[in-house]
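Okay, so here's the structure we're looking at.
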Amino acid sequence: MKKTFIFTLTLLLINSLACNRSDRGFKHHPSGLSYRFYEMNPEGATPETGDLIVLSMKILTPEGKLYDESGFYRMQLQKPMFKGDFYTALALMQVGDSVCFKLDAANFFEKNRKRDLPVEFQQGDPVYIHVRMKNIVNIGDLEEERASIYHSDREQEMNLLKNYIELTNTTVDPSASGMYYISKKEGSGKKAEPGKELTVHYTGTAIDGKIFDSSLQRGRPFHFILGQGQVIKGWEEGFLHMREGGQARFIIPSDLAYGKDGYSNIILPYSTLVFEVELIEVK
């Protein structure tokens, strides 16, 4: 038993380190991503959108250097955000599978992970992700866990926020209210001011990355008048920094959003929210 365990562990290490030495053996998915299975478990369960999946994961640079790894990484499987993204890749797997995915690094970090491209990568570089799917937790169990553990009080929320800021390499300081404003693109048009009608596009996620609302997914922008209490406090503060054409990320603690009560069954109590926003027009 011990020899078998050591052999399996060694094989996984070799596979992960050799994952990007060449593209030999990789298959090409219609979505554009490339993949290579090292182990397949046809009897394993297949995750569905909304399931919490448990993974071990190694992320490698194009040169084969280990960028990040986790032996126990949990995430919620979402609908693909764009063609050939990480969620598309994970939907190909079953519990017990071990596979290496080759994805566009900028898309993976900026769109799936909601963070800037790390300095170890350049625009156009691939990222190689070696993944083993270890388990699936269904959506009902996930919501119960979220409600009972991760949204119990403000102290827990602040601990999660601190971890998120570190994980995403956010270097800006919070405002006096506790909100983080990260400019992604400076606008050159009219400035957003109280009393002005703003037309915006946005995608809102919980701190764990789950999308709860998106004007982009609905296919139409959102309109509101700034400074009249039509939106949460974090939006009132964040858009004051922006001009037409600007893009930004708002990281908004719950006391500037939906507080200890949450919102319906969509946003749980003590939820820090993350918004990717674009200011289209100021009237």
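The values are calculated or read from the model by the stated rules, or taken from the named source; none is laboratory data. Keep in mind that this is a model prediction, so the values were computed, not measured. Glycine also receives a Cβ, built like all others from the backbone with ideal geometry; neighbour counts cover every protein chain displayed.
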Give me the pairs: first residue in segment 146-161 and more than 17 Å from Leu52 (Cα to Cα), second residue at pLDDT 85 or above and part of a helix (DSSP H, G or I), beta-carbon distance under 7 Å, and six or more apart or on different chains, which are they?
-> Glu157/Ser254
Is there any pair linking a residue in segment 69-96 that is closer than 25 Å to Ser215 by Cα to one that is of a type in the set (Lys, Arg), with Cβ under 9 Å and at least six apart or on different chains, and which?
-> Gln76/Lys210; Gln78/Lys210; Met81/Lys111; Phe82/Lys111; Asp85/Lys111; Phe86/Lys111; Phe86/Arg113; Tyr87/Lys79
Somewhere in segment 236-243, is a residue without any contact (Cβ under 8 Å) to a residue 24 or more places away in the chain, out of contact with any His (no Cβ under 9 Å at 6 or more places or on another chain) and more than 12 Å from Lys191 (Cα to Cα)?
-> yes
Among (1) under 30 Å from Gly219 (Cβ atoms); (2) out of contact with any Lys or Arg (no Cβ under 9 Å at 6 or more places or on another chain), which single condition is Ile182 missing?
-> (2)
Of (1) at pLDDT 90 or above; (2) among the β-branched types (Val, Ile, Thr); (3) not in a loop (DSSP other than H, G, I, E, B), Thr171 fails just (3)
Segments classed as strands (runs of 3 or more DSSP E), wholly inside segment 20-121, with at least 1 members that are surrounded by 14 or more Cβ atoms within 10 Å (Cβ to Cβ), modelled with pLDDT of 85 or more and of a type in the set (Val, Ile, Thr) = 52-60, 98-104
Return the only residue of Phe239, Phe250, Phe212 being assigned by TED's automatic domain parsing to the domain that holds Met158, among the hydrophobic types (A, V, I, L, M, F, W, C) and under 25 Å from Thr49 (Cβ atoms).
-> Phe212
Taking the stated definitions as given, is Ile232 β-branched (Val, Ile, Thr) and either surrounded by 19 or more Cβ atoms within 10 Å (Cβ to Cβ) or in contact (Cβ under 8 Å) with a residue 60 or more places away in the chain (or both)?
-> yes
Restricting segment 243-271 to residues that are out of contact with any Ser or Thr (no Cβ under 6 Å at 6 or more places or on another chain) and polar (S, T, N, Q), the residue that is farthest from Lys210 (Cα to Cα) | Gln247
